Amino acid sequence: MSRRPSTTQPNRGASPGSQGADQFSLALDGDDAPTSPTAAEAGALTRDTLLAALSLWVALGWLRQLDRHFALFLLERDPAADPLVGLAAALVSHQVGRGHVCLSLSRVLDAPRSALSLPPLENEGESESAGAVVLPESLLDPVTPARWFDALIGSTTVAEATVAEGLATPLVVDGDRVYLRRYWQAESGVAARLRQRLGPPLAVDEGVSTRLQALFTGNRREQGEPDWQRVACALALRQRLTIISGGPGTGKTTTVTRLLALLQEQSLSGGGEPLRIRLAAPTGKAAARLSESIAGAVGRLEVSDVVRAAIPQEAQTLHRLLGARPDTRHFRHHAEAPLSLDLLVVDEASMVDLEMMAALLDAMPAEARLILLGDKDQLASVEAGSVLGDLCAGAGDAGYSEATRDYLQSIAGEPLPVAAETNPLADHVAMLRRSFRFRADSGIGALARAANAGDGRDFTRLLKSGFQDVETLDIDAAAFERAVVTGYRPLFEALLGGADVASILALQARFQVLCALRRGPWGVEGLNDRIARALWQQGWISRTDGWFAGRPVMVTHNDPQLGLYNGDLGLTLADDAGRLRVCFPQGDGTRQVLPSRLDAAATAFAMTVHKSQGSEFDHVLFALPARANPIVTRELIYTGITRARSRLTLALAQGGNDERTLREAIARQVVRDSAIAERLLSPPGSSVPRDSSGSET
Ligand SMILES: Nc1ncnc2c1ncn2[C@@H]1O[C@H](COP(=O)(O)OP(=O)(O)OP(=O)(O)O)[C@@H](O)[C@H]1O
């Protein structure tokens with residue numbers, strides 16, 4: 001029998017305190033027999049068909065077991081639920097596993113396969129057997145967004161967003177989007193907090209103009225382009241939220257350091273107190289890089305010693321800043337115990353996932369300024385969400401409002417063109433467009449631009465045009481081993497020659513192998529093996545598995561007790577007595593840890609591009625898989641390439657489809673479902689508008 005409550009009917013959801021989405025994996029044995037079919041309507045999806053399809057999709061690698069269990073859990077909790085609830089549950093869980101914050105019903109209905117891993121990653125062959133399989137489109141064929149929406153809000157496991165607060169349903173449906181409750185809460189929280197920060201501009205003293213001109217006086221304007229660094233600084237002077245996005249070496253750190261100098265000069269003038277400024281980044285490596293580049297930029301500032309001393313040069317990880325505690329996801333700092341600061345700079349903000357951003361914004365004092373630095377074109381965080389990218393996309397092609405243009409003209413002397421379109425978010429975003437890192441003749445810079453522009457033909461043409469800083473090699477040939485041995489030679493000569501730890505660790509940052517995948521011959525596993533064997537043959541390492549001197553490792557989980565965080569890169573070294581310890585660069589010194597204390601560490605001769613985010617290396621050897629793979633996208637290629645500071649070797653499967661594979665990968669862009677920008681730009685209190693594809697009844 002059909003149960004179709006109107007979309008406005010309050011949800012008969014679970015009571016607050018009832019079991020939430022987190023516990024679902026404990027609740028069911030995955031082999032539960034399907035219950036008897038409950039077709040919501042004639043011809044509609046039955047439970048049996050759904051459960052059979054989910055099992056098959058798991059077997060094919062299109063869905064995770066976890067996703068299927070979640071669907072089973074919901075259907076068990078609400079035996080009267082329409083099977084479409086189970087389908088939405090499996091798909092939204094799968095989407096979150098792939099970095100999306102939610103599931104868009106209309107998007108799945110338009111492209112039913114998009115919410116599954118189809119074909120299975122790194123396992124293409126099995127999709128051949130898909131002929132006999134129930135495909136998502138056949139399950140969804142008679143379904144409309146309105147029908148699916150109604151099925152969802154008819155279940156006790158789903159709440160509509162307008163009434164979801166205070167309930168404990170595992171799923172929340174907000175217009176066209178279905179969320180796991182945790183992510184709905186995080187996204188609504190982030191949008192609400194950011195909206196507060198978009199509030200009216202802060203007062204800026206006209207006198208600042210002279211100092212602004214002085215600090216940016218050396219900046220040359222090119223071809224009538226505005227000085228975007230000066231614009232970014234002027235914008236940040238009068239806002240509680242500023243996003244500064246730019247590619248490598250576009251001057252994000254230089255700009256923010258000048259901003260900090262200006263603000264401290266103002267604060268200290270007339271004997272005032274300095275602002276409490278903190279610097280942070282998502283990983284230890286990124287924090288170390290920020291400390292290093294801020295220190296360099298502070299050194300170059302033309303300011304008084306007092307002002308210089310008032311600019312911090314030590315960055316910390318966001319986990320440490322917020323006060324991560326062992327065995328809990330909760331931090332010491334939150335809305336009731338906010339951070340004690342007036343201004344926070346977060347570097348590598350593209351790596352900050354939605355939940356971390358929610359925790360950070362919760363802990364920010366309302367009056368403090370937040371400055372997010374990052375590169376919107378890089379890969380988003382590994383965890384769900386892509387807040388920086390969403391905010392920059394929300395600003396879109398919109399320009400600055402008239403009031404902001406007037407302000408920029410008067411304070412920064414930057415005349416900006418009238419924008420055809422404006423929106424409140426765009427006034428908070430500054431894009432730095434000119435790289436000071438890559439010279440005009442740099443191949444790395446040219447490839448990065450081509451990848452970013454989605455121009456695969458230009459990319460492959462550039463690869464052949466013989467840049468000094470770029471070379472290619474055949475990944476399947478001995479040339480790969482030779483390149484690795486040459487790349488690692490300085491490090492192992494120092495290590496075997498008894499150099500001091502700091503010099504050895506500095507050499508570790510000189511050369512790194514990156515790849516796209518984890519498994520397979522062109523993934524981390526295969527390449528780590530190959531590299532270890534090549535180094536062993538040189539006599540540089542004593543074994544190729546377990547612990548040995550010269551083994552680089554990456555921490556794979558946060559360990560606040562050890563002061564080590566996911567992504568930290570260290571090197572195993574032997575002390576004078578031959579005892580092994582893993583050394584991590586930390587601040588000006590090193591942290592040394594016994595291998596036995598590192599529960600979660602992986603060999604890092606090769607690492608994925610995802611894991612390399614926030615790091616840069618002088619020379620990167622970037623290995624790309626021979627066959628097309630959905631994981632290899634424009635963002636991945638751009639991010640991998642731009643980890644190289646001065647030299648890039650691309651290892652490709654030559655003689656195969658390397659050119660076509662590259663072009664296809666560059667055409668493939670990551671689009672993550674999320675509604676942050678929409679929420680920010682819609683009136684306060686309104687729910688996310690439904691798609692025109694319609695879920696109104
Ligand atoms: N306006 C400028 N004119 C000349 N050189 C500049 C300018 N701005 C920055 N630079 C130089 O460019 C280099 C990169 O600057 P900076 O470190 O500020 O960039 P970034 O965007 O923070 O880089 P990264 O992507 O590595 O974090 C530095 O050597 C800096 O001195």
*Output for the range 280-308, where each listed residue is away from the ligand (no atom under 14 Å from the Cβ), more than 24 Å from residue 383 (Cα to Cα) and touching an Asp or Glu at 6+ places or on another chain (Cβ under 6 Å)*: 307
_List the strands (runs of 3 or more DSSP E) inside the range 585-684, counting only whole elements, that have at least 2 residues being of a type in the set (Phe, Trp, Tyr) and touching a strand residue (DSSP E or B) at 6+ places or on another chain (Cβ under 8 Å)._
617-623
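Looking for whichever is within 21 Å of residue 649 (Cα to Cα), part of a loop (DSSP other than H, G, I, E, B), free of Cβ contacts under 8 Å to residues at least 24 places away in the same chain and not assigned by the TED database to the domain that holds residue 374 here; the options are 466, 498, 454. Which one fits? Before you say what the answer is, go through the steps one by one.
On the way: 498 fails: within 21 Å of residue 649 (Cα to Cα); 454 fails: free of Cβ contacts under 8 Å to residues at least 24 places away in the same chain.
The conditions single out 466.
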*List the pairs whose first member sits in the range 334-345 and is in the same structural domain as residue 311 (by the TED database), whose second member is assigned to a strand (DSSP E or B), and whose Cβ atoms are under 6 Å apart, counting only residues at least 6 apart or on separate chains?*
341/278; 343/277; 343/369; 344/278; 344/370; 345/279; 345/371
*For the range 415-436, enumerate the residues that are surrounded by fewer than 20 Cβ atoms within 10 Å (Cβ to Cβ) and within 16 Å of the ligand (Cβ to nearest atom).*
431, 433, 434, 436
_Tally up the residues in the range 377-399 that are surrounded by 23 or more Cβ atoms within 10 Å (Cβ to Cβ) and modelled with pLDDT of 80 or more, please._
9
*Is one or more of the residues making up the range 283-292 surrounded by 23 or more Cβ atoms within 10 Å (Cβ to Cβ), at pLDDT below 90 and of a type outside the set (Gly, Ala, Ser)?*
yes
_Being farther than 20 Å from residue 256 by Cβ and not assigned by the TED database to the domain that holds residue 615 narrows it down to one residue among 349, 426, 368, 380; which is it?_
380
*Among the residues of the range 289-326 satisfying the criterion of being of a type in the set (Val, Ile, Thr) and not in a strand (DSSP E or B), which is nearest to the chain's Cα centre (by Cα)?*
294
*So which pairs qualify, if the first residue must be in the range 203-229 and without any contact (Cβ under 8 Å) to a residue 60 or more places away in the chain and within 23 Å of residue 239 (Cα to Cα), the second must be in a helix (DSSP H, G or I) and among the acidic types (Asp, Glu), the Cβ gap must be under 9 Å, and the two must be at least 6 apart or on different chains?*
211/265
*asked:* Only one of 230, 308 is touching a Phe, Trp or Tyr at 6+ places or on another chain (Cβ under 7 Å) and more than 30 Å from residue 612 (Cβ to Cβ). Can you tell me which?
replied: 230
*Determine the pairs where a residue that is among the aromatic types (Phe, Trp, Tyr), located within the range 424-437, has a partner that is within 12 Å of the ligand (Cβ to nearest atom) with Cβ atoms under 9 Å apart, the partner being 6 or more residues away or on another chain.*
436/249; 436/250; 436/251; 436/254
*asked:* over 30 Å from residue 588 (Cα atoms), within 16 Å of the ligand (Cβ to nearest atom) and surrounded by 20 or more Cβ atoms within 10 Å (Cβ to Cβ): which single residue out of 445, 456 fits that description?
replied: 445
*If only one of 236, 261 is closer than 25 Å to residue 378 by Cα, touching a residue at least 40 places away in the same chain (Cβ under 8 Å) and touching a helix residue (DSSP H, G or I) at 6+ places or on another chain (Cβ under 8 Å), which one is it?*
236
*Name the residue, out of 440, 412, that is more than 26 Å from the chain's Cα centre (by Cα), within 16 Å of the ligand (Cβ to nearest atom) and crowded, with 19+ Cβ neighbours inside 10 Å.*
412
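The values are calculated or read from the model by the stated rules, or taken from the named source; none is laboratory data. All of these numbers come straight from a predicted model, not from anything done at the bench. Note: ideal-geometry Cβ built from the backbone for every residue, glycine included; neighbour counts use all protein chains shown.
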